[in-house]
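One structure is given here, and the rest of the page talks about it.
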């Protein structure tokens, strides 16, 4: 009897220890999760459209929360896990069969980020994004506004003039330069971009220098933001135009400059030369105008390796007096084979407490498309919490953000290949989305009326367009 009692005590002790151990769990997302105090490290939507939280907590705490949960891994710490997202079904199946796989929700694969997996991460055509090292914020970061910014879209003649200045020939020319179809000039030297993959590093890439030069010529306050992680060392290009009456409020436009594949030629015309061109065209149209809010354009690197550049920059913003009221991410906006053509503006899932702040941004974009009659592509708001691009780095630290991307049901057949070339882009569709980007940025930053109104605005747009052609974009 004594021996049996001892055995029972041992099992009880083991059970108590197991209950105290931190586990990684899938927790059904309800209103109870934010109120529970559980440490949520990611909020995802599975292939069935079900929202769930990835939580790190002792089993005892999970039970006490009253939330429905499933344990995915024991003895867990955030630095151990990566979330894999791919748009290729064969790659998804491959990842799900890896020994590091601990969970497959049909849309994401959760993996243990072992040294062996990280060493061969370039073998998989997927974004392997580390689980954030701190829990998600349910509110805005410190030192920022804790309410959603108000954005309106009333037809404005000056904004309409800016939108009309967006020209498909210029979009073609810029994309040709970034994708290596034609040469670009950096300083006094001419280069042909063979690849924009982050692993090529400096001095093999001249793309960041070209962007830096272009934004400086347009008279933005331009700087490099250096980052290093996972053995990569690179720089984002940050261009800023300071606002007037609400200069402390920042509207941030972002696109990733890097591309795939990781070896051989990587033109990346759609992914993501197209997003970068949207920022360049917006930069040209916005610079002669006066805005209440500060505009910041971020050309990020390391996106294909796990959102590395944007994650570093988003984290840095939270330590500054940076009230980021809107983040618009542009990633793959040049491919469409459907009629009628459409694209998505993706927000966090509806169950997220900050969903409403994303929705405001998405609605501004769709309102701009409607207000200015941009009928070449239909915009749809998609509340699926898509994490596979740089906007999610800003979600992780609590900023409102949306992703503008082509219809994911009509995915680019040349994605991450040497055939992601300008000749395969739908230029009319692409141009329509860029026009929407320009109008959305102008309304988000809040245009200040200038003397002479439309006449003045049209004159300034023409003046700056001529200057940009001379200094930044013309072949030499």
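Mean sequence separation of contacting Cα pairs (under 8 Å, at least six apart), scaled by the length of region 157-473, corresponds to a relative contact order of 25 percent.
As a proxy for reagent exposure, ranking 59, 397, 327 by other Cβ atoms within 10 Å from fewest up yields 59, 397, 327.
Our helix-only sum for the chain, with -39,500 (n - 2.57) per DSSP H run of n ≥ 4 divided by its residues, gives a mean residue ellipticity at 222 nm of -10000 deg cm²/dmol. Our summary gives region 18-130 a relative contact order of 27 percent, counting only alpha carbon pairs under 8 angstrom and 6 or more residues apart. Calculated FRET efficiency, residue 75 to residue 418, Cβ-Cβ distance, R0 = 45 Å: about 0.55 to the nearest 0.05.
Quote the FRET efficiency, to the nearest 0.05, computed for residue 164 versus residue 186 with a Förster distance R0 of 25 Å and r equal to the Cβ-Cβ distance. Plugging the Cβ-Cβ distance into 1/(1 + (r/R0)^6) gives 0.25.
Taking a ≥ b ≥ c as the square roots of the eigenvalues of the Cα gyration tensor, the chain is classed as prolate, since a/c reaches at least 1.5 and a/b is larger than b/c. Taking the number of Cβ atoms within 10 Å of each Cβ as an exposure proxy, the fewest-first ranking of 352, 391 is 352, 391. With neighbour counts taken as other beta-carbon atoms within 10 Å, the residues 351, 192 rank, fewest first, as 192, 351. Highest mean packing comes first when the peptides 329-338, 21-30, 218-227 are listed by Cβ atoms within 10 Å, giving 329-338, 21-30, 218-227. Checking the a/c ratio against 1.5 first, then a/b against b/c, what shape does the Cα gyration tensor give for region 80-169? Taking the square roots of the gyration eigenvalues as a ≥ b ≥ c, region 80-169 is oblate.
We did not get these values from a lab; they are worked out from the coordinates using the rules stated. Computed from a prediction, not measured in an experiment: that's the story for all the values here. Counting neighbours? That spans all protein chains shown, and the Cβs are built from the backbone with ideal geometry, glycine included.
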